[in-house]
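Below is one structure; the comments refer to it alone.
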């Protein structure tokens, strides 16, 4: 898909991996909207950076733990950009839920951010995504919800596993005009709470012997958006070979 003149929305795009994805899509020719929750200053700086490169950019404040945000995001996006061609569901809630202290609130929040709002937002934008030759939807998964769950993260595991299933389901629902694919990173940016010992232990099981970067994830997204015209319902593991060990 040629990206000049297209509009992309990256949820959770103000910082970390989302920021790298937004910049990569802008560099490839897209105008870019991002959502943010608390990172207002980072969002403002990113929008300014994209605009200085000659692309249009917008930031939409939204709390994805509340499904009512879907209508707000849709209205803000279409009111500003007038269209949507690429939808990247990057925003994630990654919070430990130690077994024995898992609450209904933990479960509900992570389900909302990680799967419910992505699915409902895709549905709300389905007609716009299918217009003008068709569009792209990309989900962010995690290799550790594909049969190798993290201990102590039951709500996260369940929500991302549900998003994996929705990748397959929406690939059928959105066909033939919109492709729906996903990337499943290992580590493309260290969790802030990880210790040096935990990082070394993880890397010992990565064949490429290094952590991934946000740019590695952004490159995979760009491939699915720009180059993968005949792929849908597919998962690309961006993990340095971690899945093999």
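Rule-based calculations on the coordinates, nothing more; no lab input. Keep in mind it's a predicted model, so treat the numbers as computed, not measured. Glycine also receives a Cβ, built like all others from the backbone with ideal geometry; neighbour counts cover every protein chain displayed.
So here's what we get for this one:
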{"item": "In region 25-35, the residues that are surrounded by fewer than 23 Cβ atoms within 10 Å (Cβ to Cβ) and on the phi < 0 side of the Ramachandran plot", "result": "27, 28"}
{"item": "Matching option when the condition is surrounded by fewer than 21 Cβ atoms within 10 Å (Cβ to Cβ), touching a residue at least 24 places away in the same chain (Cβ under 8 Å) and closer than 21 Å to residue 1 by Cβ, among 152, 133", "result": "133"}
{"item": "Top-ranked residue in region 36-58 [being touching a helix residue (DSSP H, G or I) at 6+ places or on another chain (Cβ under 6 Å) and closer than 22 Å to residue 70 by Cβ; ranked as surrounded by the fewest Cβ atoms within 10 Å (Cβ to Cβ)]", "result": "58"}
{"item": "Test: residue in region 88-106 that is within 19 Å of the chain's Cα centre (by Cα), surrounded by 19 or more Cβ atoms within 10 Å (Cβ to Cβ) and not in a loop (DSSP other than H, G, I, E, B)", "result": "yes"}
{"item": "Test result for residue 83, assigned to a helix (DSSP H, G or I), in contact with a helix residue (DSSP H, G or I) (Cβ under 9 Å, 6 or more places away or on another chain) and touching a residue at least 24 places away in the same chain (Cβ under 8 Å)", "result": "no"}
{"item": "Residue in region 188-209 that is exposed (fewer than 15 other Cβ atoms within 10 Å of the Cβ), part of a helix (DSSP H, G or I) and within 19 Å of the chain's Cα centre (by Cα) present", "result": "no"}
{"item": "Candidates 232, 179, filtered to the one that is assigned to a loop (DSSP other than H, G, I, E, B), touching a residue at least 40 places away in the same chain (Cβ under 8 Å) and within 30 Å of residue 126 (Cα to Cα)", "result": "232"}
